[in-house]
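S.K.: I have a structure here, written as C-alpha cells, and I will follow up with some questions on it.
The values are calculated or read from the model by the stated rules, or taken from the named source; none is laboratory data. What you see is a predicted model; the values in this text were computed from it and never measured. All Cβ positions, even for glycine, are placed from backbone atoms using ideal geometry, and neighbour counts span all protein chains on display. Calculation scope for accessible area: heavy atoms of the full protein, side chains included, ligands and nucleic acids excluded. Shrake-Rupley method; radii C 1.70, N 1.55, O 1.52, S 1.80 Å.
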Amino acid sequence: KYTFSANEYANDNEPNDTFDKASLIVNGQTVQGHQGYAYNSTYTDSEDWFKIEVPKDGNVSLLLTPSASLNISYISFKPLDKNGAPYERTFKYINNQSTTLTISDVAPGTYYIYLKRSSGYGGYSLKYTFSANEYANDNEPNDTYKEAILLKAGEVVSGHLGYAYTSGDTDNEDWYQVNFPEKGIARFNFKPDTTSSISIRYIELFKVTPTGTTSKS
C-alpha cells in the first residue's frame, strides 16, 4: 500500500537558490515556500531567495513563520554591492520561531531576502511590509554646498537623514542655500523627527567665498 500526503504550504518558485533567480514580493504580500525536501538527484533544497523593490525612504518589516518540522537558521537582508554581488546588511536567527526582521533605515532600491535552512523539512510563510517616512524628502543629492537647495525666507522644508542606500552609502549631510538681500537677523528653526531614531549633530551657517566656504555660525 502506497500513501502520499502533500505539504499543506504552497511551494516557492523553484529554482530560486541564487539571488538572480529571486521571486519578487510586493508590499503587504505573504508568500509561502518549502525547504528541506530531497530530490532524486540527492540535492536538498536548503536556500531560497526573494527580492523587494523599495520605492522611498522607510521601514521594511519581514515576518517569517516556519512550520514545526522545519528549522530555518536565519533570514538575511542583502543589497547588491557596486560589483553586483549581494552582501549581508543585516540578519536574524530564526531557530523554528516566528520572527520579524525590521530594517528601519532603508533607502530606495532593490533588496534581496535570503533564507537558509539548518535542519528538518517543511513549509514557511514570509510576509513583507513597507512603510514610508511621513516627512517629504529633500532633493538629493545635496551633500555639498554646490548642490545646495535654495531656501527662501519664511519657507518651511523637510528632509531625511540617516537612510542607507544599496551601495552602502548613508545620507549624513544636507545643504541649503539662503540669500540675504541686506543686513539683519537670520533665524533658523530646526526640528528633528521625534518619532524616529535620529540625532542631528549640528546646524551650521557658511558664507560662500571664491575659494570655498567660511563658517559663520
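S.K.: Across the range 124-170, which residue is surrounded by the most Cβ atoms within 10 Å (Cβ to Cβ) among those that are in contact with a Leu (Cβ under 8 Å, 6 or more places away or on another chain) and at pLDDT 95 or above?
M.R.: Restricting attention to the range 124-170, the residues satisfying the condition of being in contact with a Leu (Cβ under 8 Å, 6 or more places away or on another chain) are 124-129, 157, 166.
Subset that is at pLDDT 95 or above: 124-129, 157.
Working: TYR124: 23, SER125: 16, LEU126: 21, LYS127: 15, TYR128: 20, THR129: 15, VAL157: 14.
This residue is TYR124.
S.K.: Could you grab the pairs with beta carbons closer than 7 Å, sequence gap of 6+ or different chains, first residue in the range 131-158 and under 19 Å from ASN189 (Cβ atoms) and touching a residue at least 40 places away in the same chain (Cβ under 8 Å), second one part of a loop (DSSP other than H, G, I, E, B) and open to solvent by less than 70 Å² (accessible area, probe 1.4 Å)?
M.R.: As it stands, the answer is TYR135/SER158; TYR135/HIS160; TYR135/ASP193, since those pairs meet every condition given.
S.K.: Every residue in the range 78-101 that is touching a residue at least 24 places away in the same chain (Cβ under 8 Å) and at positive phi, please.
M.R.: ASN95, ASN96
S.K.: In the range 188-217, how many are of a type in the set (D, E, K, R) and under 30 Å from the mean Cα position of the chain (by Cα)?
M.R.: At the first step, the residues of the range 188-217 found to be of a type in the set (D, E, K, R) are 191, 193, 201, 204, 207, 216.
When the remaining residues are screened for being under 30 Å from the mean Cα position of the chain (by Cα), the result is 191, 193, 201, 204.
Looking only at that region, the number is 4.
S.K.: Restricting the search to the range 191-207, which residues are closer than 20 Å to GLU147 by Cα, touching a residue at least 12 places away in the same chain (Cβ under 8 Å) and open to solvent by 100 Å² or more (accessible area, probe 1.4 Å)?
M.R.: Within the range 191-207, ILE203 is the sole residue that qualifies.
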